[in-house]
Amino acid sequence: MKNRMDFFKKGKWLFLILIALLLLPNFLKDEPYVLHVCIMVFVYLSLAQAWNLIGGYAGQISFANHAFFAIGAYTSTMLLIYLNLTPWIGLFAGIAIAMCIAYLLGSQLLHLKGHYFAVATIAFAEILKLIFLNWRGVGAAYGLSLPLKMPSFYYLMWSSKLPYYYIFLLVAIISTILIYTIDRSKVGMYFMSIKQDEDGAEHKGIDTSYYKLLAFMISAGICALVGTLYAQYILYICPRSCIDIMMSTKCILIVLFGGLGTVAGPVLGACILIPLGEYTRIKLGGGGQGWDYIIYGLLILVIILYQPKGVYNILRRYKKNVQKMFRS
Amino acid sequence: MKNLKKEIGVSIVLILLSSVLLAGCISEKEEEVKEIKIGCIWPLTGDLAAYGAANKRALELATDIINNKYPDLNLPLAASEGLPNLGGAKIKLVWGDSRGTPEEGRSAAEYLITNEEVIALLGCYQSAVTETASLPAETYGIPFLNPDSSSPTLTERGYKWFWRCTPKAIDWTRNALEFYTDINEKFDANLHTYGIFNEDTLWGVESGDWLEYWADEFGFEVIERVQYSHETPDLSAEVLRMKQANPDLVHIAGYISDSILYVKTMKENNWLPKMVMSGEMIQMSDFLDTLGADGNYFCLTILFPQDLVTTKALTVKLNEMMDERYGKTFDDPSARAFTGLFVLADAINRAGSTDPEKINAAFAETNIPGEKMILPWTAIQFDEKHQLKAGGYVIQQIQNGEYYTVWPWELATRDIIWPMPSWDER
Amino acid sequence: MDLVYLIQAIINGILIGGVYALIAVGLSLIWGVMEIVNFAHGDYLMAAAFFSYIFWLYMGLDPLISLPLVAIIFLFIGFGTQKFVMKRLMDSPTLITIAATFALSLLIRYSFFVVFKPDYKAIRDPLLQGSLHISSISIPIAKMVTLLVVLVTVILLFSFLKYTKKGKAIRATAQDREVAKSLGVNVEQIFLITWGLGIACVGIAGTMLSTFYYVFPLMGITFVLIAFASVTLGGFGSVHGAVFGGLVIGLIQQLGGAFVSPALKDVFVFIVFILVLMFKPMGFFGKY
């Protein structure tokens, strides 16, 4: 009984928030910039959930998120430009290729511990960037300009930001639900025990290689999906802007800030850090001048030093304390 | 029940918090003022910020001239206060920082269009940034004038709202090869092999491609082409490679800091081909400040040759004004940005309105004569692809720490020193 | 194949490798003793280069002269980092320490960015100028002296670690923290000293770098990745491993650039890096 009541309570709130999010764009029709910020929040939310899966749950610190993002973006864009293929199909191709590469990469590197793995993924992403920069076939440094076909559902391209808002919101919801499902499932439990103590998990009979690889592949798939959609939004991709390690870094910072290995953590992190960054960039001196990164750095240090479990934990404790206060 | 209330409380606080943060991004709507807002997008931060800073100075000066009475300056709209056909409305510049990346450039463009409601955009120096920043302009129907990016692709896209009042890479690369052909004739130099260093963004790659194209057309052979990243800390491998190939001529399609590093590295390796040419970026003061006498004898393709334009009274006057106010004079990129604002203001004025369609139409009729600009061109007119019609490059050479025009021969203020003396000979 | 070309490429590799080696040494020490990957290492390098630049700009001190000063300043900066930031994170999971050093990296890098703007600065007319020319081989003097400084520093560090009591204590802690503690080692102090030494190394590297390279706030990014590759190749915790790693990486980079393509010179570094991780993750001299 109690469980169902809890779920109903929580569910009610989630439902209300969802309605609010669905209606929000109508009030923001004249504020495309705010819509853009919302879209960026959804983008990073999804990417952060993807990272949460491999890093927060399975405990493998990957810096390859942005590489898979780029693989998704490039795959679907190439298919669009050269085969006139709708991105709705292109995105599956992107996901498939990203997952294949994740499989190949992961099977070779996932046995590495902690920072070794982290650094290896950084190296992989850099290699990818350098190859793309020099490979004429994918546009090299010219990048790829998407042919302008808006408005078109078939080509996933619009002049207005509204459709993109809803699409990215959907992706954000899907990734969060995915993480939620995993969090509550046996697989999620396996991930977490691997994170806690990998050798112990092996001894308990959990096939750690399999599960780590699984997390890595799913994570890559989500990133590729976001990549494809983002290319459709931004209409121009090039190695320097697409394969940027700051993207992966931001994901990690978002998850850490919000709460590692929780469902709500990345949501909180993205909702706070992304608008904060944008806001700082606009308000502080003709374009930011790096203040947004300084603020990120400070926030992260503060969170790590004082509440490493993230903002979500702060809120939970607040709630508990308040409840305690009322009981006593 | 009490728990529920607390949950409500916390959720509301959370939602409020996010909304407040989001709302911070919504700018306050200003009241309608009699001003013409123009969005300017350049790298104000990032490693190319020096260009942004120079352009900012130039544009502030231009704005001042347009908005106030300067009857003795023969520039469009200088004699009047503001734009006469719009009741004296004044230009207001609104700045966006591209941070030197295409993404930020595009973000800045969108923000300027949607939040600041600028009626036109100006920018962005780097071709890759101009490419993406012009996308929102095209989508929202806002005129975008580009005074300083040379990638030919920009006007090949067939955009309706994009205009470019600077020559393309096709032109300066061609001028460079014409120059070498003339050298061959004049000095019986027998130049044949060509080497290219190009940086790895849109600009560098396209420049390299066009150099190859024209080299081929003019009968030269490109024997080595090295692509590099302009952030790389060390160019030894690149220079070694080129030294090994040992072409007669080398071209550096890069930015200021890599150009400087190349010169230093070439000196370290005690190697120089018969001529090294670069672009207008080595006109920036950093080049000679850092290299001193080592910078001598390098050639550059340039649109704003200081020595030629100082024969133009207008330019002398404006250089003085710049120097007075900022302690710096015009360089090539800022001179073009400066001119860009006048072209834009002129079009808006002729349109007589802030209606984008009218302004866009007015662009097509642009015809600013040579004597009304600080650049040494014959006129500013646009062709059917929205590309500047005239405007040629000259070649300068650095001699004794000064920049002298050496080609075309009829415009030269000094004779070229040919070939470049090697490091030992200096 | 041209012998001169090969020799020049090798020399270039060793010269730049020296710089990578010194950066790697500091990183390796911190990594080895405390299992902390200092993502901010490149930004400390940048800060050191800036200090050197500032001493030149305002006090006219050539980097060679300000070298000991910068080294000592950075020794204390290293102490400070441990004492005020990393101390509380000593037993945290890897991700937390990575994030902490990342946050430091952002703070350092963008503070300099805000103050100094992103312009490229260079020290003009340093004491170390010009090149040595031996037939057609060129050896830039600044880089050559840098290599010497690197060697001296490494030898000093190595001797310290091998022969002094504190040095042995550091090695003991790196091997097994608990055992060291039980033997009476003041582990807290060891951490302080290690950070100090590690950052002092990077301080020296940064100063020497400013004699022949640009100083600008974003310069750390390029160096830190190569430093990681060097440390991994050499094996973490090992000083001579880091030197080996740095030199080898320098060689790979320059030889790859010279014989295949300069555009891909870093690709070779990263590929070797990944291969090492896959097949010999402890590196060639790693102990742990």
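Bear in mind that the values in this text are calculations on the coordinates, not laboratory data. Since the structure is predicted, the reported quantities are computational estimates derived from the model, not experimental observations. Note that each Cβ is placed from the backbone with ideal geometry, even for glycine, and that neighbours are counted across all protein chains shown.
Values as computed for the structure displayed
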item	result
Around residue B:78: net Lys/Arg minus Asp/Glu count, Cβ-Cβ under 14 Å	-1
Relative contact order (percent, whole number), the stretch A:33-245, Cα cutoff 8 Å, 6+ residue spacing	44
Exercise: per-residue mean of other protein chain Cβ atoms within 10 Å, C:115-125	5
Burial ranking of peptide ranges C:26-37, B:221-232 (average Cβ count within 10 Å, highest at the top)	C:26-37, B:221-232
Antiparallel content of DSSP bridges confined to chain B, in %, to 5	25
Rounded tilt (10° steps) of C:3-34 against the dominant C-alpha axis of chain C	20
Nearest-0.05 FRET efficiency for residue A:111 and residue B:160, computed from C-beta distance (R0 45 Å)	0.20
Within 10 Å of each Cβ in C:39-46, the average number of Cβ atoms from other chains	1
Other protein chain Cβ atoms within 10 Å, averaged over every residue that makes up C:272-280	4
Mean separation of Cα contacts under 8 Å (6+ apart) over length of the stretch C:1-141, as relative contact order %	30
Derived scalar couplings ³J(HN,Hα) [the stretch A:238-244; Karplus, 6.51 cos²θ - 1.76 cosθ + 1.60; whole Hz; x for Gly, Pro]	9, x, 5, 8, 7, 10, 10
Simple spin-label estimate for residue B:355 and residue A:159 in nanometres, 7 Å along Cα-Cβ	1.7
Cα-based helix-to-principal-axis angle, B:202-217 vs chain B, degrees rounded to 10	40
Exposure proxy order (Cβ contacts within 10 Å, fewest to most) of B:239, B:309	B:309, B:239
Using a Förster distance of 35 Å, the FRET efficiency for residue A:18-residue A:148 (Cβ separation, nearest 0.05)	0.60
Residues of the stretch B:386-426 with amide N under 19 Å of a point placed 7 Å along Cα→Cβ from residue B:246	B:419-425
Long-range amide H partners of residue B:366 with built H, under 5 Å	B:382
Amide H contacts under 5 Å for residue B:92, placed H, 5+ residues apart	B:36, B:37, B:38
Distance between the stretch B:53-91 and the stretch A:213-250 - C-alpha centres, whole angstrom	45
Segments B:316-325, A:27-36, C:243-252, C:91-100 sorted - mean Cβ within 10 Å per residue, highest first	C:243-252, C:91-100, A:27-36, B:316-325
Selection from B:74, B:223, A:193 lying farthest towards where the dipole of the protein assembly as shown points positive, charges on Cβ	A:193
Average Cα contact separation per residue, chain B, under 8 Å, 6 or more apart, as relative contact order %	16
Under 21 Å from the Cα of residue B:274 - lysines, other chains or at least 8 residues apart	B:186, B:243, B:264
Proxy reagent accessibility, fewest Cβ within 10 Å first, across B:236, B:80, A:152, A:76	A:152, B:80, B:236, A:76
Crossing angle, helix C:63-84 versus chain C [Cα axis fit, 0-90 degrees, rounded to tens]	30
Given B:385/C:265; A:129/A:204; B:90/B:385; A:195/C:87; A:129/B:37; B:56/B:312, the pairs whose alpha carbons are separated by over 32 Å	B:385/C:265; A:129/A:204; A:129/B:37
In nm, spacing of pseudo-spin labels at residue B:402 and residue B:417 (7 Å Cα→C-beta vector)	1.3
For the stretch A:33-245, with +1 on Lys and Arg beta carbons and -1 on Asp and Glu, the positive-most of A:122, A:245, A:132 along the dipole	A:132
Residues A:184, B:241 arranged by fewest to most Cβ contacts within 10 Å	A:184, B:241
Computed E for residue B:153/residue B:326 - FRET, C-beta separation, R0 30 angstrom, nearest 0.05	0.35
